[in-house]
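> Quick one: structure below, then a few questions.
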Amino acid sequence: MLAKEVRQRYIDFFVNKHGHKQIAGASLIPENDPTVLFTTAGMHPLVPYLLGEKHPAGKRLVNHQKCVRTDDIDEVGDICHLTFFEMLGNWSLGDYFKKEAIEMSFDFLTCPADKGGLGLDSANLCVSCFEGDKDAPKDDEAAAVWESLGFKRHTKGKPLNGGQIWFYAKKDNWWGPAGQTGPCGPDTEMFYDTGKPKCPLCDTKGPSCECRKYIEIWNDVFMQYNKNDDGSFSPLKQQNVDTGLGLERVVALLQGVKSPFETELFKDAIDKIYELAGIKGTDETAISVRIIADHLRAAVFILGDKFGVAPSNTDQGYILRRLIRRAIRHGKKLGIAYNFTDRIALIYIDFYKDVYPELEEFHEKIITELQNEEEKFMKTLIHGEKEFEKMLPNLLKNKEKILPGRLAFKLFDTYGFPIEMTEELAKENGLKTDKQGYIDAYKKHQELSRCGAEQKFAGGLADHSEATTKLHTATHLLHKALIMVLGDHVAQKGSNITVDRLRFDFSHPDKMTDEQLKKVENIVNEQIKRALEIKCEEMTVSEAKEKGAIGLFESKYGDRVKVYTVGDFSMEICGGPHVQNTSELKSFKILKEQSSSSGIRRIKAVIG
Ligand code: GLY
């Protein structure tokens, strides 16, 4: 049975046989919920209705929902974890409860395929119920329903077998709330025997044993409690049912394959990855292939969403960036030279566009953003990996085998390596990453660039990386040196800094002579050698003027401004950020002096 049949069967079963209304799936980026980054379950957009608000489509609902879960991104690569997945769900909003919900689930799973079900063998099913604690009693009610369907309670010490009911604590048999507070409750979970031999722990642990002899396929949650701000639970106005069936898992099960990656959902993408890499599958390459296939599918859905985001360094954009960059790194590991993320994306867009037409609608955006991110990251990835390889022998020499936080931060700041990717890279090379050290370095950097938040130079700083921060300080030195060599008429007319160079426009009527350029360069290099400290002070514009600060004195700086002093050499109004000491610049070289426009000259220069 193909995924599209399972999806349709599920909807038809609940609509035609049990009077549910199909509702549209919600956007993957939550519309009104800043507490979570992505929609993680079908119930998520339904929270107000679970709390008692009337749903326009009635009390029985069904849909398929795009979900992203980010807790397990680093686990992806094995055969079962997925970042993006589809959840099939049915809901009762204060209508039916445990008995009907369980009977419907059982019916759909075991009813023969020609009668609209999945035709699974009930002898291979095991279920679990909540064992009870201080917040809610043992769920004998749910267990009794399973007993009426032929299941037997498992007794401690007896072996695990199909057809059993196991009881677990909250960690395993309670679901929700989706955020910090909200609807939640005990659940009953359905597991299916994969046919794998038992591991030594199976008889004690039951169907939730981590060896995954049994895989969880469906979860019926009895949402009858609300988790409050203080962590306590109170009964909800109405008793709801929320269920979630993982489409990819159940499709793999029905097709008799070991993982979703072997189903049609991934097949074309995975074939393409192997084709681009020009290799055949081995256990080792399969991990990278699964990472690429999973991450790019998730990226396509995150980009191709109504509220789709672009890669960035915060929130959803950061998750997206992590996914794309990790996929690119693994692509490179497989030997795929460049430009492949868009090609894999096209396969997914084509495969999913009938069910999720938004992918077609945002086709352009998905492809362009992937191409941009790939182009951007490929430039720094190679340099970053080289840098890492240079560090490696020394790091391996030390006993602790730790990649220090400041180096992890350098890889992030200079080469755009998300910390999680650095951790993975370090692990592959037998190193642990000092994540706390990374966080500290990051915070220190934030502190340094705090002043930069108000940066308002037209065409000024686009980012606050270490490289651009140094160039920014170099710009101040250059500005002052130009005034010294050419005269007081020199004023800043523009500044543009990239990670590679600075570009400074200033008022001056003539082309500069070689001698003047040499003088300016020497003055700047002298200040670098003097290892001058840089200080930041806040004062009013008039105070700054009185003290002789240079810079743009326009009102856009507001009343109070930041003034950066470089030792005894320069004082300039500026938003920052800057390095702490000029020695960090190492050296300064002018590459070019040219005309920018009438009366304005332009200098391009580099450091280090
Ligand atoms: N909301 C039920 C589940 O995610 O399993």
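> Classify the range 96-150 as rounded, prolate or oblate from the Cα gyration tensor: take a ≥ b ≥ c as the square roots of its eigenvalues, call it rounded if a/c is under 1.5, otherwise prolate when a/b beats b/c and oblate if not. Display every interim value, and only then the final one.
Numbers: a/c = 3.12, a/b = 2.21, b/c = 1.41.
Prolate.
> Given bins 5 angstrom wide, list per bin the percent of all Cα-Cα distances in the range 321-397, short to long.
Calculated over all Cα pairs of the range 321-397, the distribution is 3, 14, 21, 19, 15, 11, 6, 4, 3, 2, 1, 0 percent.
> Sticking with this structure for a sec: Kindly rank 501-514, 314-327 from highest to lowest mean number of other beta carbons found within 10 Å of each residue. Can you show the working numbers first?
On the way: 501-514: 16.1, 314-327: 21.2.
Result, highest mean first: 314-327, 501-514.
> Here's another thing I want to ask about it. Roughly how many debye, to the nearest 20, is the charge dipole of the range 226-376 about its Cα centre, given +1 on each Lys and Arg Cβ, -1 on each Asp and Glu Cβ, and no other charges? Spell out each step's value before the answer.
Numbers: 21 positive and 25 negative charges, 109 e Å.
Here the size comes out at about 520 debye.
> Once the range 263-414 is represented by equal point scatterers at the alpha-carbon sites, with solvent omitted, what log10 I(q)/I(0) does the Debye formula produce at q = 0.18, 0.19 Å⁻¹?
Each listed q corresponds, in turn, to -1.08, -1.16.
> For the chain, what is the mean residue ellipticity at 222 nm derived from helices alone (per DSSP H run of n ≥ 4: -39500 (n - 2.57); sum divided by total residues; nearest 500 deg cm²/dmol)? Let's see the in-between values first.
Numbers: 19 runs with 236 residues, N = 608.
After summing the helix terms and dividing by the residues of the chain, the value is -12000 deg cm²/dmol.
> Ordering Thr194, Thr433, Thr341 by how much accessible area each has at a 1.4 Å probe, largest first, what is the list? Each step should come with its number before you reach the end.
On the way: Thr194 65, Thr433 25, Thr341 0 Å².
Correct descending sequence by accessible area is Thr194, Thr433, Thr341.
> In whole angstrom, and with the biggest value first, how far do the Cα coordinates of the range 480-531 range along each principal axis?
The principal-axis extents, from largest down, are 32, 25, 19 Å.
> Which of the peptides 303-312, 214-223 is most tightly packed, and how do the rest follow, judged by the mean count of other Cβ atoms within 10 Å per residue? Write down the numbers at each step before the final one.
Working: 303-312: 18.8, 214-223: 23.8.
Listed from highest to lowest mean packing, they are 214-223, 303-312.
> Could you tell me the convex hull volume per residue, in Å³, taken over the Cα atoms of the range 169-268?
Working: hull volume 12.1 nm³, N = 100.
In the range 169-268, the Cα hull volume divided by residue count equals 121 Å³.
> What's the long-distance tail for the range 1-63, i.e. % of Cα pairs beyond 15 Å?
On the way: 1144 of 1953 pairs.
For the range 1-63, the fraction of Cα-Cα distances above 15 Å is 59 percent.
> How much length would be gained if the chain were fully extended between Glu526 and Arg7, taking 0.36 nm per residue of separation minus their Cα-Cα distance, in nm to one decimal? Before the final figure, lay out each step's value.
Values: separation 519, 0.36 × 519 = 186.84 nm, distance 7.07 nm.
179.8 nm is the gain from fully extending Glu526 to Arg7.
> Among the DSSP beta bridges whose two residues both lie in the chain, what percent are antiparallel, rounded to the nearest 5?
Numbers: 69 of 82 bridges.
The antiparallel fraction comes to roughly 85 percent.
> Over the range 274-332, average the accessible area per residue using a 1.4 Å probe and give it in Å², no decimals. Intermediate values should be presented prior to the final figure.
Numbers: 2010 Å² over 59 residues.
Using a 1.4 Å probe on heavy atoms only, each residue of the range 274-332 averages 34 Å².
> Ignoring ligands, DNA and RNA, what percent of the accessible area of the chain is carbon or sulfur (1.4 Å)?
Details: 13730 of 27710 Å².
Of all accessible area on the chain, carbon and sulfur atoms account for 50 percent.
> A further question follows. Could you calculate the FRET efficiency of Cys199 with Asp133 from 1/(1 + (r/R0)^6), where r is the beta carbon distance between them and R0 is 22 Å, rounded to 0.05?
On the way: r = 28 Å, r/R0 = 1.26.
Using R0 = 22 Å, I get an efficiency of 0.20.
> May I pose another question? Treat every Asp and Glu Cβ in the chain as -1 and every Lys and Arg Cβ as +1, leave all other atoms uncharged, and give the resulting dipole magnitude about the Cα centre to the nearest 20 debye.
Details: 84 positive and 91 negative charges, 284 e Å.
Charge dipole of the chain: 1360 debye, to the nearest 20.
> Under 5 Å between amide hydrogens, which residues at least 5 positions from Val561 or on another chain qualify, with H placed 1.01 Å from N in the peptide plane?
For Val561, whose amide H was placed from the backbone, the distant partners under 5 Å are Met539, Thr540, Val541.
> Only Lys, Arg, Asp and Glu count, each charged at its Cβ (+1, +1, -1, -1), so figure out the dipole size of the range 469-545 about its Cα centre, rounded to 20 debye. Don't skip to the end; give the middle numbers.
On the way: 12 positive and 12 negative charges, 35 e Å.
Here the range 469-545 has a charge dipole of around 160 debye.
> Output the relative contact order of the chain, whole-number percent, from Cα pairs under 8 angstrom with separation of 6+ residues.
Working: 1122 pairs, mean separation 55.7, N = 608.
Relative contact order, the chain: 9 percent.
> Let me ask something additional. For the range 75-138, what is the accessible area per residue in Å², given a 1.4 Å probe and the full set of protein chains? Walk me through the intermediate numbers first.
Details: 2220 Å² over 64 residues.
Per-residue accessible area for the range 75-138 comes out at 35 Å².
> Which of Pro137, Cys202, His578 sits closest to the plus end of the dipole of the chain, meaning its Cα is farthest towards the positive end, when Lys and Arg get +1 and Asp and Glu get -1 on the C-beta?
Farthest towards the positive pole: His578.
> Tally Lys/Arg at +1 and Asp/Glu at -1 over every other residue whose Cβ is under 13 Å from the Cβ of Ile287; what's the total?
Working: positive: Arg290, Arg326, Arg329, Lys333, Lys427; negative: Asp74, Glu75, Asp78, Asp283, Glu284, Asp294, Glu424, Glu428.
Surrounding charge for Ile287 is -3.
> A follow-up question, please. Could you rank Glu593, Glu389, Glu546, Glu100 by how accessible they are, 1.4 Å probe, largest area first?
Numbers: Glu593 20, Glu389 115, Glu546 155, Glu100 80 Å².
Ranked from most to least accessible, the order is Glu546, Glu389, Glu100, Glu593.
> While we're looking at this one, here's another question. For the range 567-608, what number results from the quotient of the Cα radius of gyration and 2.2 N^0.38 Å?
Values: Rg = 13.5 Å, N = 42, 2.2 N^0.38 = 9.1 Å.
The reported ratio for this selection is 1.48.
> I would also like to ask the following. Divide, for the range 367-414, the radius of gyration over alpha carbons by 2.2 N^0.38 Å, where N is the residue count.
1.45
> For the range 82-175, list log₁₀ I(q)/I(0) at each q in 0.13, 0.18, 0.20, 0.21 Å⁻¹, using the Debye formula over Cα point scatterers of equal strength and ignoring solvent, two decimals each.
After summing over all Cα pairs, the log10 values are -0.54, -1.00, -1.18, -1.25.
> Can you pull a Stokes-Einstein diffusion coefficient for the chain at 20 °C (1.002 mPa s), Rh from Kirkwood over Cα pairs, as a whole number of µm²/s?
Details: Rh = 28.1 Å.
So the translational diffusion coefficient is about 76 µm²/s.
> Using a 1.4 Å probe on the protein heavy atoms only, what accessible surface does Phe362 show? Give it in Å² to the nearest 10.
50
> While we're on this one: Set Lys and Arg Cβ to +1 and Asp and Glu Cβ to -1, take the dipole of the chain about its Cα centre, and tell me which of Phe307, Pro260, Ala426 lies farthest positive.
Farthest towards the positive pole: Ala426.
> Right, something else. Could you tell me which residue out of Gly548, Ser587, Thr110 lies farthest along the dipole of the chain toward its positive end? Charges go on the beta carbon: Lys and Arg +1, Asp and Glu -1, centred on the Cα centre.
Result: Ser587, furthest along the dipole toward the positive end.
> So for the range 234-335, Kirkwood radius off the Cα pairs, Stokes-Einstein at 20 °C and 1.002 mPa s: how many µm² s⁻¹? Don't skip to the answer; put the middle values down first.
Numbers: Rh = 15.8 Å.
For these conditions, the coefficient is 136 µm²/s.
> How big is the convex hull of the Cα atoms of the range 30-113, per residue, in Å³?
Numbers: hull volume 11.5 nm³, N = 84.
Spelled out: Cα convex hull of the range 30-113, divided by residues, is 136 Å³.
The values are calculated or read from the model by the stated rules, or taken from the named source; none is laboratory data. All figures in this text were calculated on a predicted structure; none of them were measured in a lab. Counting neighbours? That spans all protein chains shown, and the Cβs are built from the backbone with ideal geometry, glycine included. Note: areas computed on protein heavy atoms with side chains; ligands, DNA, RNA excluded. Shrake-Rupley method; radii C 1.70, N 1.55, O 1.52, S 1.80 Å.
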